[in-house]
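Chemist: Below is one structure. I have some questions about it.
The values are calculated or read from the model by the stated rules, or taken from the named source; none is laboratory data. The model shown is predicted, which means the values in this text are computed figures rather than measured ones. Using ideal geometry, Cβ is built from the backbone for each residue, glycine included, and neighbour counts are taken over all protein chains shown.
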Amino acid sequence: MKKKLTLRHTYHSRWFWLGVVLLGLLSYSVEAKSPASLAASLARLRIEVEGLSSKLEDRKESMRTQLRTLSMQQSAAKLSVQKAQMELNMLSQRSEKQRTQIEQAGKSQEALRPIVLASITRFEQQMRAGLPFRIKGRLQAIQEIGKKLKGKLITPRDAAVRLWNFITGELRLARENGLYTQVIVLDGTSQLVEIVRLGMVMMYIKTRDHRFGRAVRVGEQWQYKLYTDKEQSKQVEALFDAMRKQIRVGFWTLPNALSR
């Protein structure tokens, strides 16, 4: 009888202590994942999410700003090209009209003389108003035709042929791009610089100390202004490198050289 009581007592004691251990473990688990701890974790996660969202919005706004800037530059460049094409068409029409007048003058040399001289005067005015690309040499070339015609060193017919050849060269300049050197007045001093001419619309410059700029029309005169923005200078530098390597086909992002 005593043996049965001892076994039963031992059996119940084991279950009692097992329950105590389980209650202790449960109590520890509840304390480890208390509401305050969970709330703190959620707060940290919320702060991280808000920070990432803010960075994402900043990045989106930066991209939108870049796209708007590129769109404005593209529109300005498109308008410049359209304007240049219109001027080229008008110049071609005037040249064709003057050639017709020369042909109609026929054999009358003296009747041809005032037509040629008037044409020289008009083209001289257009050149002074246009892009200052080697303007001194180009003006001397057309003025030389007029001087020889006035001095009767050449006939009106010969002068007309020379003038037409000169006009053909001017039309070619309007269609082509190129890399050249030219003496300009920058900061009050004459300097030999490299230039990139884009048709007869825009002209960029590179100084010997690796500064970059552009020709800008101010009123009735042309001035040369340097870029202060590093990104714009890098864009123009890439254009000079491409021209030096004779890369004629490609896409370049350029600052608008027509802006002041």
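Chemist: With the checklist (1) loosely packed, with under 15 Cβ neighbours inside 10 Å; (2) in contact (Cβ under 8 Å) with a residue 12 or more places away in the chain; (3) not hydrophobic (A, V, I, L, M, F, W, C) in hand, flag the one item Ser75 doesn't pass.
Modeler: Unmet for Ser75, out of (1) loosely packed, with under 15 Cβ neighbours inside 10 Å; (2) in contact (Cβ under 8 Å) with a residue 12 or more places away in the chain; (3) not hydrophobic (A, V, I, L, M, F, W, C): (2).
Chemist: Now for a different question. How many residues does region 216-260 contain that are closer than 20 Å to Gln66 by Cα and free of Cβ contacts under 8 Å to residues at least 60 places away in the same chain?
Modeler: Taking region 216-260 first, the residues closer than 20 Å to Gln66 by Cα are 227-236, 238, 251-257, 259.
Filter once more, so that each one left must be free of Cβ contacts under 8 Å to residues at least 60 places away in the same chain: 227-236, 238, 251-252, 257.
So the answer is 14.
Chemist: Can you find a residue that is over 30 Å from Lys97 (Cβ atoms) and of a type in the set (D, E, K, R) anywhere in region 175-190? Show your work before the answer.
Modeler: Here is the first cut: in region 175-190, the residues over 30 Å from Lys97 (Cβ atoms) are 179-190.
The next check asks that each one be of a type in the set (D, E, K, R); those that pass are 187.
Looking for residues that are over 30 Å from Lys97 (Cβ atoms) and of a type in the set (D, E, K, R), one finds at least one in region 175-190, hence yes.
Chemist: Among (1) loosely packed, with under 14 Cβ neighbours inside 10 Å; (2) assigned to a loop (DSSP other than H, G, I, E, B), which single condition is Thr181 missing?
Modeler: (2)
Chemist: Something else: State whether one or more residues within region 18-32 are modelled with pLDDT of 75 or more and more than 30 Å from Leu171 (Cβ to Cβ).
Modeler: no
Chemist: Report, by residue number, each residue of region 126-153 that is over 18 Å from Trp164 (Cβ atoms), within 31 Å of the chain's Cα centre (by Cα) and part of a helix (DSSP H, G or I).
Modeler: Arg128, Ala129, Ile135, Lys136, Gly137
Chemist: Could I ask something else about it? Does region 146-155 include one or more residues that are within 22 Å of Tyr180 (Cα to Cα) and in contact with a helix residue (DSSP H, G or I) (Cβ under 9 Å, 6 or more places away or on another chain)? Don't jump to the end; show me each part of the working.
Modeler: As a first pass, look at region 146-155 and keep what is within 22 Å of Tyr180 (Cα to Cα): none.
The answer is no, given that none of the residues of region 146-155 is within 22 Å of Tyr180 (Cα to Cα) and in contact with a helix residue (DSSP H, G or I) (Cβ under 9 Å, 6 or more places away or on another chain).
Chemist: Among the residues of region 158-170, is any over 20 Å from Glu220 (Cβ atoms), in contact with a Lys or Arg (Cβ under 6 Å, 6 or more places away or on another chain) and not in a strand (DSSP E or B)?
Modeler: Step one: list which residues in region 158-170 are over 20 Å from Glu220 (Cβ atoms), which gives 158-170.
Keeping just the survivors that are in contact with a Lys or Arg (Cβ under 6 Å, 6 or more places away or on another chain) gives none.
Looking through region 158-170, none of the residues is over 20 Å from Glu220 (Cβ atoms), in contact with a Lys or Arg (Cβ under 6 Å, 6 or more places away or on another chain) and not in a strand (DSSP E or B).
Chemist: If I ask for residues that are β-branched (Val, Ile, Thr) and either at pLDDT 80 or above or on the phi > 0 side of the Ramachandran plot (or both), which ones from region 90-121 would you list?
Modeler: In the first step, residues of region 90-121 are kept if they are β-branched (Val, Ile, Thr); the result is 100, 102, 115-116, 120-121.
Selection gives Ile115, Val116, Ile120, Thr121.
Chemist: Can you spot a residue in region 200-210 that is out of contact with any Pro (no Cβ under 7 Å at 6 or more places or on another chain), among the charged types (D, E, K, R) and within 22 Å of Asn89 (Cβ to Cβ)?
Modeler: No: zero hits.
Chemist: Only one residue in Lys147, Lys206 is at pLDDT 90 or above and crowded, with 18+ Cβ neighbours inside 10 Å. Which one?
Modeler: Numbers: Lys147 fails: crowded, with 18+ Cβ neighbours inside 10 Å.
Exactly one of Lys147, Lys206 is at pLDDT 90 or above and crowded, with 18+ Cβ neighbours inside 10 Å, namely Lys206.
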